[in-house]
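See structure below.
Read the figures in this text as sums done on the coordinates, not as results from a lab. All values reported here derive from a predicted model rather than from experimental measurement. Here the Cβ is made from the backbone with ideal geometry for all residues, glycine too, and neighbour counts use every protein chain on show.
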Amino acid sequence: MELKIHKAGVEHAARLAELMNMAGEGIPAHLWERIAGPEEDVLEFGARRVAQAEGGFSYTNAHIAEVDGEIAGMLLSYRLPDPHEIGPLEEVPPVVRPLVELEAEVPGSWYVNAVATDARYRGQGVGRKLMETAEQLASSSGAETLSLIVAEQNAGALRLYEKLGYQIIARRPIIPFPNCPHTGDWVLMEKRMEHNA
């Protein structure tokens, strides 16, 4: 198996949209559906959003993992602003409010917004390699910490992040949405960078 990780290009937008929706527990599709036209396929709409050069979900913030030329996974990550100002929460879709509140707890951190491995490639170290890439990007950016948000019921992901040195620092209740796979809390996890002295 030959695993390569590299920056995503606009030509990867459709596959990125699928993987982002998988990583986001269906929240991206739920949000895209609210703004897509009634005749429009939700993932096609998402791919158009991902193909834009601006915004958190832009392909410009993504890296892809390729195994033997096939896209096996992706990482969406970027540095959060510092200070991290939250606008009026009533303008934020309710399902996203707890996530926005948690992001604001870690200003200036390198934020792993989404990481996903295609089901065919799970258990082969793709996710771990993508998380190593996030650490390299964080280090290059000068960030002191990395952060991510995961559903506490996503036990497999939680275990991986704890093994990698992330600790839970805050939580907010999940706001249910159609086909929401989890109840309970979103948990904010943080890992301090070990800068070589």
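Here are some notes:
- For residue 111, nonlocal amide neighbours, meaning residues 5 or more places apart or on other chains whose placed amide H falls under 5 Å from its own, are 78, 79, 80, 147.
- The residues neighbouring residue 110, those whose beta-carbon lies less than 10 Å from its own, together hold a net charge of 0 under the Lys/Arg +1, Asp/Glu -1 convention.
- Scanning the chain for long hydrophobic helices, with DSSP H runs required to stretch 20 angstrom or more by C-alpha along their axis and to average at least -0.5 on the Kyte-Doolittle scale, returns 126-141.
- For the chain, the Cβ-based charge dipole about the Cα centre amounts to some 500 debye (Lys, Arg positive; Asp, Glu negative; other atoms uncharged).
- With the simple spin-label model, which puts each label point 7 Å out from Cα in the Cβ direction, the residue 160 to residue 85 separation comes to 3.6 nm.
- Förster radius 25 Å - calculated FRET efficiency between residue 39 and residue 14 (Cβ-Cβ, nearest 0.05): 0.85
- For the range 3-192, the relative contact order comes to 20 percent (Cα pairs under 8 Å, sequence separation of at least 6).
- Over all other residues within a Cβ to Cβ distance under 14 Å of residue 44, the charged ones net out to -2, with Lys and Arg as +1 and Asp and Glu as -1.
- Note on the chain: dipole from Cβ charges, positive end direction compared against 104, 84, 168; the farthest Cα belongs to 168.
- Selection of GluC sites (Glu not before Pro), the range 42-80, meeting DSSP coil and at most 11 other Cβ within 10 Å: 54
- Placing a pseudo-label 7 Å from each Cα along the Cα-to-Cβ vector at residue 168 and residue 7 gives an inter-label distance of 3.7 nm.
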